[in-house]
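To start, the structure under review is shown below, and the notes come after it.
The values are calculated or read from the model by the stated rules, or taken from the named source; none is laboratory data. Keep in mind it's a predicted model, so treat the numbers as computed, not measured. Note that each Cβ is placed from the backbone with ideal geometry, even for glycine, and that neighbours are counted across all protein chains shown.
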Amino acid sequence: MSTVGIIMLVHTALDRAAEVARHWTASGCPVVLHVDKNVDGATFRNFRQSLAQDPLIKFSKRHRCEWGTWGIVAASQSASMLMLKEFQEVRHVYLSSGSCLPLRPVDELVDYLAARPRTDFIESATTADVPWIVGGLDFERFTLRFPFSWKRHRYLFDRYVDLQRRLGMRRRIPAGLVPHMGSQWWCLTRQTLSAILEDPERPTYDSYFQKVWIPDESYYQTLARQYSTNIESRSLTLSKFDFQGKPHIFYDDHLQLLRRSDCFVARKIWPRADRLYQAFLTDSAGAMKKTEPNPGKIDRIFAKAVERRTRGRPGLYMQSRFPGRWSVNSVTSNPYSVFHGFTELFEDFESWLTRITGARVHGHLFAPERAELSGGGAMINGALSDSAKMRDYNVQSFLTNLIWNTRGERQCFQFGPGDNQKICKVLARDPNAQISVISGAWAVPLFRSNQNFTELRRAAARLQQVEAKYLNQLRDQETKARVRIWTMAEFIEAPMEPLQTILDELGPQMPRHLSEAPTMVNLDGFGQFLQNLKNQGMHPYLMGDFPVEQGPVNMPKPPRKPYLVRK
Amino acid sequence: MTREAHTAAWGLQGWGAKYQMRIRRRRLLWRCLRSRHQLKVLADRSDRIGADDILVVAVLRNERARLPYFLQYYRDLGVSHFLIVDNDSNDGTAALLEEQEDVSVWQTKASYRESRFGVDWAGWLLMRYGHGHWCLTVDADEILTFPHADQRNLKDLTGWLDQRGAKAFAAVMLDMYPKGSIGAVPYEEGTDPFELLSWFDGEGYTWEYQQRYRNVSIRGGVRKRLFFRDNPEQSPHLHKIPLVRWNRRYAYVSSTHIALPQVLNQAFDHRLGLPTGVLLHSKFLAEVIDKSAEEKQRQQHFTHVERYTQYYDNLIAAPDLWGAESVRYKGWQQLEALGLMTQGDWT
């Protein structure tokens with residue numbers, strides 16, 4: 001028998017669930033099934049009958065599961081207890097749902113977990129640091145009461161939340177608990193899971209979490225922090241959420257995408273996606289290579305769709321972009337370029353850009369200490385000074401004047417989350433602005449700095465928040481600047497391509513091909529640095545997904561010019 | 001979206017206006033209910049409708065040529081049953097329909113115009129058989145396409161909409177036309193009409209929000225470009241709400257352009273993240289010339305008949321609708337790139 005036990009929470013598409021359960025047991029993994037109590041008796045009996053022959057399949061006590069309520073936690077508790085009791089060899093317990101689908105051969109998962117016998121894979125972050133909460137209730141889900149169903153009695157739910165806010169009602173969080181949240185699909189070791197389930201304080205915790213909002217996203221995530229010695233704060237299950245926070249559904253046409261993700265398990269799979277089930281459940285040849293799971297690849301493709309939907313293309317009236325108000329006036333006279341995150345990632349970006357383009361390249365014009373004018377000067381054409389105070393008095397007119405005073409010469413400057421953010425709105429609305437962003441690059445200076453980790457963590461949280469807000473502004477439908485955004489992961493995959501694009505946009509006089517590339521800073525260990533932040537409960541997400549064990553990032557040399565040798 | 005944001009976005013509507021809409025909907029429902037007396041059953045196979053079946057509801061007249069492709073297309077898309085009203089055809093349409101195992105047919109000789117262009121009849125069938133089903137109300141010359149249509153079918157789409165809690169799916173009607181005179185090439189029964197009519201107008205659509213029914217009004221396409229240049233406010237509406245998880249209390253107001261309650265019309269609101277589709281319109285097959293001549297006499301098709309004499313004359317002259325800016329149809333990806341439909345969150 002295998003050392004990995006699978007818990008499946010099932011409520012619809014039972015035949016698909018049976019298929020997946022048999023797939024697990026065929027490789028020796030015991031399975032405990034929890035069937036929602038809302039499934040009627042006859043259907044349940046048929047289902048149980050169809051799996052009765054398999055000694056590795058057990059059924060746990062049934063609970064009524066409604067989204068956002070305690071039932072789902074109760075279900076996973078019963079199933080976990082049964083799993084730990086019945087299958088003594090099990091070392092890791094993997095929680096999955098009926099619409100989960102294993103993407104890689106089961107043996108690979110078993111090997112992967114066997115190589116990390118003490119690691120708990122559970123996404124777990126404090127509420128202050130997570131980006132994924134859609135719709136308001138973050139910390140309040142731990143301090144208010146939620147007796148009304150969100151699905152069925154939305155009105156009462158909302159009113160009661162309002163009332164509690166107004167009266168200042170608060171629940172007390174049990175002593176010693178620090179609320180953490182994360183994906184509800186975890187994989188815990190026997191040690192951690194049994195410690196949670198056998199804790200003498202469990203009745204206290206249970207009765208507290210019974211009235212927490214969406215406890216399945218916080219119960220194990222919080223309690224695992226109490227007992228686990230080694231939390232790897234990520235979920236092994238690939239699960240994507242869309243713009244509104246609803247889970248993405250995978251269909252047949254996502255086959256190649258899922259193949260490339262290298263993840264162990266994915267959800268949610270559409271029950272009628274025959275090709276997916278066929279490809280992943282019968283084809284054990286292992287089309288996938290043994291690598292670290294890399295959900296980042298999928299991320300980027302979905303992010304493109306979201307971006308298209310929320311940003312659209314200016315001037316085009318379309319469904320995805322119902323006409324709003326567009327102001328027509330630009331505050332500037334000439335086109336200019338803004339670079340966000342480039343100086344962080346490249347050692348000599350400013351001098352390189354000057355050499356290549358001949359444009360006037362400034363540093364961080366909106367830096368807190370002073371406007372870093374090009375060449376370190378204190379004055380620029382038209383008696384514009386580098387004083388931060390003068391500039392901050394009216395940031396917009398500073399920009400307007402700068403661009404006007406230097407007309408005839410292309411202006412470029414750096415910008416980042418450490419700078420004065422008042423100018424963001426102006427930049428975003430200005431059709432003359434060409435803004436190139438490498439999101440998340442602020443982490444590089446932190447990574448290279450020599451500060452204490454606590455300080456780093458605090459700085460990272462702040463910079464991330466600022467940058468996220470900035471990016472939102474750029475993605476707003478009123479944005480008129482030419483914006484290009486790459487996540488850092490995306491950018492370093494092929495840095496020459498975006499650089500070439502940016503230069504092409506700078507004007508026709510630019511060289512066709514880059515003859516010289518800027519030097520990228522050394523990023524060895526950066527993935528681990530991000531993982532460390534995650535393990536501390538702070539989730540850096542703007543840079544995209546970096547695999548923990550990453551190969552060295554190489555800046556490709558530009559191709560040499562072909563030449564002819566004459567004899 | 002929270003209630004507050006929603007109200008702010010769509011503007012306040014007082015109780016008076018709301019109640020007016022309620023009365024209006026009730027009136028429409030009453031008309032639908034009354035119109036059942038005009039329908040004579042030819043073949044009732046509605047007992048074969050299963051609980052989760054997707055239904056097509058259509059009112060048509062003399063569509064013998066288009067029907068084989070129409071039926072097959074929607075069967076392949078996942079439709080299980082067709083509910084069809086034959087309005088006084090004389091080309092064998094009724095006989096063809098009666099032979100089909102998955103079609104229920106009713107017949108009527110009553111006035112199409114009096115029945116609000118068939119909406120009352122369709123409304124009755126929806127009320128009687130459509131309750132709780134996803135119902136696609138289309139004409140015989142409308143072929144629905146949507147994001148991922150090459151990989152996913154209607155069941156996938158409605159399943160996703162169900163999970164989202166969405167009640168309706170919106171689509172833009174796209175007038176398709178051939179290159180060259182519209183009478184030049186005859187249509188062969190059962191073939192894909194859009195191999196002949198492979199062109200459309202990719203741009204030039206206007207969108208406006210209409211407060212009364214809270215719908216988005218879309219006009220444009222080739223008809224506006226050529227025939228309604230001088231009076232664009234009379235050019236045909238192109239927005240439709242063809243696919244709805246029907247409730248017996250719902251009603252279509254004018255064709256399937258607008259539905260009540262108003263919330264159904266918000267399927268076009270991009271903030272809800274719903275996908276939208278396109279209804280490919282095969283009106284301009286060669287037969288449109290004869291049909292226009294006939295319709296000009298019957299005067300059954302528009303509310304203000306006198307306005308459309310010129311329009312019919314234009315069509316009878318078998319014009320070439322193609323223009324230099326016309327775009328050749330290449331599939332849903334192209335329609336999405338042009339902004340005529342969107343995937344929303346259904347990626």
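Take the residues of the stretch A:321-348 that are modelled with pLDDT of 80 or more and over 30 Å from residue A:522 (Cα atoms): which is nearest to the other protein chains (Cβ to nearest Cβ)?
A:335
Here residue B:219 qualifies as touching a Pro at 6+ places or on another chain (Cβ under 7 Å) and more than 17 Å from residue B:280 (Cβ to Cβ).
Restricting attention to the stretch A:428-448 and to residues that are of a type in the set (A, V, I, L, M) and within 26 Å of the chain's Cα centre (by Cα), the residue that is modelled with the lowest pLDDT turns out to be A:428. Among the residues of the stretch B:33-52, the one identified as among the basic types (Lys, Arg) and over 24 Å from the mean Cα position of the chain (by Cα) is B:48. Regarding the stretch B:199-210, can at least one residue be identified that is among the hydrophobic types (A, V, I, L, M, F, W, C) and either part of a loop (DSSP other than H, G, I, E, B) or away from chain A (no Cβ under 14 Å) (or both)? So far as the stretch B:199-210 goes, yes, one or more of its residues are among the hydrophobic types (A, V, I, L, M, F, W, C) and either part of a loop (DSSP other than H, G, I, E, B) or away from chain A (no Cβ under 14 Å) (or both). Any residue in the stretch B:331-346 that is away from chain A (no Cβ under 14 Å) and not in a helix (DSSP H, G or I)? No, that holds for no residue. Note on the stretch A:44-70: residues that are out of contact with any strand residue (DSSP E or B) (no Cβ under 9 Å at 6 or more places or on another chain), in a helix (DSSP H, G or I) and either hydroxyl-bearing (Ser, Thr, Tyr) or under 11 Å from residue A:10 (Cβ atoms) (or both) total 1. The residue pairs whose first member lies in the stretch B:135-155 and is within 11 Å of chain A (Cβ to nearest Cβ), whose second member is in a strand (DSSP E or B), and whose beta carbons are closer than 7 Å, counting only pairs six or more residues apart or on different chains, are B:155/B:54.
Table: residues versus (1) aliphatic (A, V, I, L, M); (2) at pLDDT below 95.
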{"position": "B:92", "(1), (2)": "no, yes"}
{"position": "B:110", "(1), (2)": "yes, yes"}
{"position": "B:115", "(1), (2)": "no, yes"}
{"position": "B:118", "(1), (2)": "no, yes"}
{"position": "B:131", "(1), (2)": "no, no"}
{"position": "B:148", "(1), (2)": "no, yes"}
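Counted as qualifying within the stretch A:191-281 are the helices (runs of 4 or more DSSP H) with 3 or more residues that are away from chain B (no Cβ under 14 Å) and modelled with pLDDT under 90, namely A:255-261. The listed residues are A:519, A:479, and the only one of them that is of a type in the set (S, T, N, Q), out of contact with any Ser or Thr (no Cβ under 9 Å at 6 or more places or on another chain) and modelled with pLDDT under 85 turns out to be A:479. Of the residues making up the stretch B:108-123, none is within 29 Å of residue B:177 (Cα to Cα) and part of a strand (DSSP E or B).
Could you tell me which of the residues A:81, A:8 is in the same structural domain as residue A:281 (by TED's automatic domain parsing) and crowded, with 20+ Cβ neighbours inside 10 Å? Walk me through it before giving the result.
Details: A:81 fails: crowded, with 20+ Cβ neighbours inside 10 Å.
None of the others qualify; the one that does is A:8.
Are any of the residues in the stretch B:299-310 of a type in the set (D, E, K, R) and more than 14 Å from chain A (Cβ to nearest Cβ)? Yes - at least one qualifying residue is present in the stretch B:299-310.
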